[in-house]
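Student: Before I ask anything, here is the structure I am working with.
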Amino acid sequence: MPESTKAAIAVPSNDPKKKENDEKNGAASKKKPDEKEGEELSEEDLQLRGELEMLVERLKEPDTTLYRPALETLRTLIRTSTSSMTSVPKPLKFLRPHYPELQNLYELWSPSEDKSLFADILSVLAMTYSDTEPRGTLRYRLLAASLRPPTSPLADPGDWGHEYVRHLAAELGEEYSLREQTEVPKAAPEVGAAGLDSETDDKDGEKVKPQIPLSVGTLEDLHDLALVCAKFLLEHNAEPDAVDLLEELEAIDRIVNLVDANTYSRVAAYMIACVNLLPPQDDVAFLKTAHMIYEKHQRFPEALSLAIRLNDPDLIRKDFHAPGNPQMKRQLAYILARAQVPHHWLQPATTDDDGDEPSEELPEDLQEILYNSRLSTHFKQFGQELGVQDPKSLEDVYKSHLETSRSSTVNVDSARGNLAGTFVNAFVNAGFGNDKLMVDAEEGNSWIYKNKDHGMLSAAASLGLSLLWDADIGLSHVDKYTYSSEEYIKAGAFLATGILNTGVRSEADAALALLGEHISNKSVPLRTSAIIGLGFAYAGSHREDILALLIPLISDDEISMEIASMAALAVGLIFVGSENGEAALVILQTLMERDDRALDEKWTRFLGLGLALLYVGVQASDSYDATIETLKAIPHQASKQIQVLVEMCAFAGTGNVLRVQTMLQQCGEHLNAKDAAADSEQETEKKKAEPKQDDTFQAFAVLGIALVAMGEDIGAEMSLRQFNHLMHYGDPVIRKSVPLALGLVSASNPQLPILDILSKYSHDNDLAVALNAIFAMGLVGAGTNNARLAQMLRQLAGYYHKEPDCLFMVRIAQGLVHMGKGTIGINPFYLDRAILNKPAVAGLLATLTAFTDAKAFVLDKYHWMLYFLVPAMYPRFLITLDEDLEPKPVTVRVGTAVDVVGQAGKPRTISGFQTYQTPVRLATTERAELATEEYIPFASVLEGFVLLQKNPGWEEKMEL
């Protein structure tokens, strides 16, 4: 060993000698090129260098009259120098060696306009010394400005060129953040000074940075300079740089006055694209600033969409009433109808007290649009145009002749098969109102009677789904079942009443009239159906009168947890994202007052979900913080899962990285492992002393990752990797939730990697995982008619032909994939995937909550919970309308949406497009644009209902 050590020491002892020799040789060899450099310069360059050196010498002479012309000549030479983008301009290159002596010379001059000009030139030269003298450019720029009299301000920094402005912008941001940081130690200067001195030894210069420029210029000076730079950047197609600069200086609202008709759209688009990447408060500031920009330039649809994202009733009302053009107002009404904005938000504030006046305020045509009254008519016409009007039978969906199973084992459980058929028929023929099993069934031969007991409830409710959005005709079909002597059929009819009114409003308030009286019925199925029916029919409406009906059901201790939880969920659906204090207080009180035995029940998760839905998308508001703190005070372990639910709902679709990390932390706890590690004696004592630790919160934490990440593409993609890790290392409760999270993160968006992952999980040894994976396949492909997915499901039907539960779920997934015969989607994002539809999120979350314990809910007698998907269902179409609101076929291009934010010029917003006549179906990731300029759309995004106006200049172009 010692010998080897000697050898190790011997090697480096020789090396330095070699290095020294190399350095000597290198120094000699380096000198030669430097010597030659003078010879290699062209005559022009030599002349320029001589001239610059002569001007520097002049500045050293005692004759002050020579200074001004010398400085003017220097400025001219630097400004007029031209060079390639990759090389330093010649004057700066030749003046660089003189920079230190010019700095010393500057300090000797007395304050004057000449000194200001000198500082301005030094500011440009400082760019070449930015590595050794940080923020020199900014320092001399501020000095130059301070030496000028107010009557003759300094020339714009843009006169020195684009690179100088970019340099200045970078230093401005750096300086501002340093000044912000150094404000903290001011309270204790001695400690701060000691800290600076001690750290200067470790990191040379890094802590000295703030001391150089602090003596020059105020924060206001920095802001003024930033505005000048931002104005230059905006004029020279560098909008992202301008936005970044003002964001660093926390003055983003000032950009509103800098943008003009040419730049506003690019600036606003970049700002909106940044929102998901910003911390809370900054993201809201960006949205508000972009809203002000659109408002200033009278881009009402874009402004309204941002007001909806901000969830600000005053802004929404203001934007809706802003345009004078009645056609534009109609277009805004279509956007609001899609968002399911509460109608009282749109009424002028003065008429709040009087109930009759507001209805006179809005014209009838606008009210019809806001109520979605013609949605069903348009949808059926759309189906006709696409040739999918005819009803589909179950065999058309199953295509069992293509399955690999043997025929003798197909009908293992006919009751379960019929129940699956109920849902498949309902989802596939949703909205068309002509299916053969229910709507057009012969008298007494309805599909309802092919089911038994609770199966009848789902079968009767499926009538509502077939007649979705068609309130008038639908009620006449459902009416006959509301008087049935069979309790379950009656309950199904109540649920159907709620389902067919989902997303549609009417003056008659039929749903409330029919269901309101039954919420206190003695029969549990009738009661729950009436409660959930009200939740569906008034989802997102914020109706206080319905809250008054439901609150007693939540707060009464005598009422079962099932009824209380369903009432809380209905309140959550109706007041989704409203932060309603009264509703939150009642649910929190119930959680505190109910005994432990009640909170141990499986229904508690829905009580928590009802509370969480009140906070969808609100982020960290005061009421949210208060709710979280109150939940922490509840001793029962159910409070932990409700905290996770409230947190994930508050940050739904925001892409907030910190929240995703919190959720991952929750998933990392191995609760079962701790129990297993304990001694057997202690274990038995624990079992007697305290209940088993509840791990349901981990299931919600997994869903929380998907819910937070799904609003932003990069985050959604990154979450897939996390789910993969959770699947490998997570406990069973986490493993069975991962497929559900995958279904949520990519709802109605069948991406191949996700399909492959789910296909693998659908063959998992754990049947709970397989079951959820099959359902997730249905969610991912919902309403897409995806052929690959349909083939996968047919193979699964053969694979699980002896497993009734899994086969039932395969059938449900097949129904979802062909939902609305490929015309209805469940993705909660719309308007170019920019706005989150809150009732849709509520519906998806309620469905997934039921699947966190599928055996206890969906596979038991609560299969009607599959209808929780209804609030998320909406047609994926583009229908163009003329000025009389009649369909107007025009040529459009439909292709995959391309992100063009921040790109130069006018790049194409879609790729791989095909040309169609409207109406046309749009997939989740697709975008449409008009093929010709014959019509001008009122909407900014071609999606849903779009009003068109004839382009007055079109015919003239044709004649030319």
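The values are calculated or read from the model by the stated rules, or taken from the named source; none is laboratory data. Remember, it's a predicted structure, so these values are computed and weren't measured experimentally. With ideal geometry, Cβ positions are generated from the backbone for all residues, glycine too; neighbour counts draw on all protein chains shown. Just the protein is used for accessible areas: all its heavy atoms, side chains included, with ligands, DNA and RNA removed. Shrake-Rupley method; radii C 1.70, N 1.55, O 1.52, S 1.80 Å.
Student: Taking θ = phi - 60°, what integer Hz values does the Karplus form 6.51 cos²θ - 1.76 cosθ + 1.60 yield along segment 257-269, in sequence order, with x for Gly and Pro?
Tutor: Computed from phi, the couplings for segment 257-269 are 7, 8, 7, 10, 4, 7, 10, 4, 5, 5, 5, 5, 4 Hz.
Student: What percent do you get for the relative contact order of the chain when only Cα pairs under 8 Å and 6+ apart count?
Tutor: 8 percent.
Student: Additional query: Give the residue from M809, L573, I879 lying farthest towards the positive end of the charge dipole for the chain; charges sit on Cβ (+1 for Lys and Arg, -1 for Asp and Glu) and the dipole is referred to the Cα centre.
Tutor: Farthest along the dipole direction, towards plus: M809.
Student: Among DSSP bridges having both ends in the chain, what percentage is antiparallel? Round to the nearest 5.
Tutor: 85
Student: Sticking with this one: Quick one: net charge of S458's neighbours, Cβ under 15 Å, K/R +1, D/E -1?
Tutor: Net local charge, S458 excluded: +1.
Student: So, one more: In whole Hz, with x marking every Gly and Pro, tabulate ³J(HN,Hα) for segment 806-814 from phi via Karplus 6.51 cos²θ - 1.76 cosθ + 1.60, θ = phi - 60°.
Tutor: 5, 5, 4, 6, 4, 4, 4, 4, 5
Student: Any chance you could look up the accessible area of R254 with a 1.4 Å probe, heavy atoms only, rounded to 10 Å²?
Tutor: Around 80 Å² of this residue is reachable by solvent.
Student: List the longest stretch of the chain that has no exposed loop site; here a site is one of the GluC sites (Glu not before Pro) assigned by DSSP to anything other than H, G, I, E or B, with at most 12 other Cβ within 10 Å.
Tutor: Longest stretch, sites excluded: 559-932.
Student: For segment 419-436, list residues with backbone N below 18 Å from a point placed 7 Å from the Cα of D472 toward its Cβ?
Tutor: Once the point is set 7 Å along Cα→Cβ of D472, 431-434 turn out to lie under 18 Å by backbone N, inside segment 419-436.
Student: Right, next: Just to confirm a number: summing +1 for Lys and Arg and -1 for Asp and Glu over residues other than L771 whose beta-carbon lies under 14 angstrom from that of L771, what do you get?
Tutor: -1
Student: Collect residues whose amide H, placed 1.01 Å from N in the peptide plane, falls under 5 Å from the amide H of Y874; neighbours closer than 5 in sequence don't count.
Tutor: The list, which skips near neighbours in sequence, is G825.
Student: Around A493, under 12 Å between beta carbons, what's the net of Lys plus Arg minus Asp minus Glu among the other residues?
Tutor: With Lys, Arg at +1 and Asp, Glu at -1, the net is -1.
Student: For n ≥ 4 DSSP H runs only, could you compute -39500 (n - 2.57) per run for the chain, divide by its residues and tell me the 222 nm figure to the nearest 500?
Tutor: That comes out to -18000 deg cm²/dmol.
Student: Step through the residues of segment 495-510 one at a time and calculate ³J(HN,Hα) from phi using the Karplus curve (6.51 cos²θ - 1.76 cosθ + 1.60, θ = phi - 60°), rounding each to whole Hz and writing x for Gly and Pro.
Tutor: Each residue's phi maps through the Karplus curve to give 5, 4, 4, x, 4, 6, 8, 5, x, 10, 10, 8, 5, 5, 6, 4 Hz.
Student: Given R₀ = 51 Å, what would the calculated FRET efficiency be for V900 paired with L671, taking r from the Cβ atoms and rounding to 0.05?
Tutor: FRET efficiency, V900 to L671: 0.60.
Student: In Å and from the alpha-carbon atoms only, list the Rg and Dmax of the chain.
Tutor: For the chain, the Cα-based Rg and Dmax read 34.7, 114 Å.
Student: Within the set K115/K231; K692/K855; K399/K452; K436/K802, which residue pairs have Cα atoms separated by over 24 Å?
Tutor: K115/K231; K399/K452; K436/K802
Student: Would you grab the residues whose amide H sits under 5 Å from the one on Y935? Only those 5+ places off in sequence or on another chain, please, with H modelled 1.01 Å from N.
Tutor: Here N951 satisfy the definition.
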